[in-house]
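Notes follow once the structure below has been shown.
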């Protein structure tokens, strides 16, 4: 769908996709008073009545945990989000939780592999019972979750960006929204060497096939979004192309 600047925009922050830093970009584009955060249980969440064009909602939505995106925007919503390879996101979720009591070296040892295997087993058991609230699918509008089709994604989304191509995606989104290209953050993953977990990818893709299907459909849509010429797109600081800073993949 095309962006309608007479309607509010909803930015879905899927965990571990750099959404905390992307919030800074949204505030630069829309103004701090017009960006409304939605982080139930984490921060002050306040979505005012009567939102209109120029307003933007950004935050977490998770139907399996009681805060559906459909309850915030019941109809006529237009959405944007950024995606990350589902298995990489899964490993990042695990490492974020595991490092709460361990250092990075502990996340790379034999004990970490055992812990990761147990973590995946727990999530797989929940998946079979239909209650895996960590899944990618629960962050999306209900119709997108149910149909998982390119046509349904096109009906709901203005733009979907890829973390693997973050700089180009942010530039393309700026063009889509008719906003200046910001100083684009460079995503700095905390756990840099994830190769030791790659052997678990086939098992993950089998256990969480619905995530893979939705990701592939979203990726197909994402790659239909045209990319602007970075050298000719004005940047918010007056320079010609994107710059870099550092963020964590929150």
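Where a number appears in this text, it was derived from the coordinates with a stated rule and is not lab data. Worth saying up front: this structure is predicted, and the values here are computed from it rather than measured. Here the Cβ is made from the backbone with ideal geometry for all residues, glycine too, and neighbour counts use every protein chain on show.
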In terms of the alpha carbon gyration tensor, root eigenvalues a ≥ b ≥ c, rounded if a/c is under 1.5 and otherwise prolate when a/b exceeds b/c or oblate, region 125-224 is oblate
Per 10 Å bin, what is the whole-percent P(r) computed from every C-alpha pair distance within region 17-76? 20, 55, 25, 0
In nanometres, what is the gap between the two model label sites at residue 39 and residue 209, each 7 Å from Cα along Cα-to-Cβ? 3.7
What length, rounded to one decimal in nm, is gained on full extension from residue 20 through to residue 125, with 0.36 nm per residue of separation minus their alpha-carbon distance? 34.8 nm
Of the peptides 22-29, 209-216, how do they stack up when ordered by the mean number of other Cβ atoms within 10 Å, highest first? 22-29, 209-216
